[in-house]
Amino acid sequence: MQLTDEDLQYMLTELWSSMLDLALDDEIDPTAAHDLSWCAAVDILSDDVVTGTVMVRCGDELAERIAEALFGLPSGSASFGEVRDAMGEVANIVGGNVKGVLDAATVLGLPRTSRGEPATSQAPVNRLLLASEGYAVEASYSASAMEGAGR
């Protein structure tokens with residue numbers, strides 16, 4: 001089965017409403033400047049070969065709000081490590097949902113997080129740029145050349 005933008009948006013909407021209790025709005029202007037300094041990604045693997053990558057990106061303020069919501073922290077109290085862990089968990093949850101849509105014979109790699117450059121240079125098959133709590137959040141899925149190659 002192939003992932004659609006609607007599938008990806010549904011996955012994010014469910015995560016944002018059920019686990020984070022944060023608002024998630026429709027797509028925003030992709031040509032405007034947005035802070036996407038936090039990047040969390042997880043690979044989807046088949047037979048130890050990466051078949052795709054799920055990535056979630058947002059800025060410092062939203063990443064801190066995600067950590068506070070996920071860990072039940074007071075406003076303004078999330079540490080760098082808690083933000084890093086929360087972003088990794090978000091990528092892991094979205095990646096698990098994407099994996100379930102694509103193929104049950106795959107596994108997830110370990111999530112990785114960074115501040116700065118995206119975790120993959122592959123062009124995304126699916127990409128959403130949405131607003132949450134007034135801040136930009138980007139979610140994408142990039143397929144490797146091996147996906148669909150009969151493996």
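Here Met87 does not fit the description of being under 15 Å from Leu129 (Cβ atoms), crowded, with 22+ Cβ neighbours inside 10 Å and in contact (Cβ under 8 Å) with a residue 12 or more places away in the chain.
Here the range 33-50 is the region considered, the condition is being among the β-branched types (Val, Ile, Thr) and surrounded by 22 or more Cβ atoms within 10 Å (Cβ to Cβ), and the residue that is nearest to the chain's Cα centre (by Cα) is Val42.
Against the list (1) without any contact (Cβ under 8 Å) to a residue 12 or more places away in the chain; (2) surrounded by fewer than 18 Cβ atoms within 10 Å (Cβ to Cβ), the condition Gly59 fails is (1). Of the residues in the range 112-134, none is assigned to a helix (DSSP H, G or I), closer than 19 Å to Leu24 by Cβ, within 12 Å of the chain's Cα centre (by Cα) and not hydroxyl-bearing (Ser, Thr, Tyr). Among the residues here, Ala69 does not qualify as closer than 19 Å to Ser18 by Cβ, in contact with a Phe, Trp or Tyr (Cβ under 8 Å, 6 or more places away or on another chain) and modelled with pLDDT of 95 or more. Being assigned to a helix (DSSP H, G or I), more than 18 Å from Tyr141 (Cβ to Cβ) and without any contact (Cβ under 8 Å) to a residue 12 or more places away in the chain is a property that Gly100 lacks. Answer yes or no as to whether Ala91 is at pLDDT 95 or above, within 23 Å of Ser18 (Cβ to Cβ) and either assigned to a strand (DSSP E or B) or not β-branched (Val, Ile, Thr) (or both). Yes, satisfied.
Taken over the range 1-36, the criterion of being small (Gly, Ala, Ser) and without any contact (Cβ under 8 Å) to a residue 12 or more places away in the chain is satisfied by Ser17, Ser18, Ala32, Ala33. The single condition from (1) farther than 26 Å from Pro124 by Cα; (2) in a helix (DSSP H, G or I); (3) not charged (D, E, K, R) that Pro74 fails is (2).
Condition check for Ser18 on (1) buried (at least 20 other Cβ atoms within 10 Å of the Cβ); (2) polar (S, T, N, Q); (3) modelled with pLDDT of 90 or more: one failure, at (1).
For beta carbons closer than 7 Å, sequence separation of 6+ or different chains, a first residue in the range 122-137 that is over 17 Å from Met11 (Cβ atoms) and a second that is buried (at least 18 other Cβ atoms within 10 Å of the Cβ) and among the small types (Gly, Ala, Ser), the qualifying pairs are Gln122/Ser142; Gln122/Ser144; Ala123/Ser142. Of all the residues in the range 16-51, those that are closer than 16 Å to Leu128 by Cα and not in a loop (DSSP other than H, G, I, E, B) number 8.
The values are calculated or read from the model by the stated rules, or taken from the named source; none is laboratory data. Just so we're clear, the structure is a prediction, and the values are computed from it rather than from any experiment. Virtual Cβ from ideal backbone geometry, glycine too; neighbours counted across all protein chains shown.
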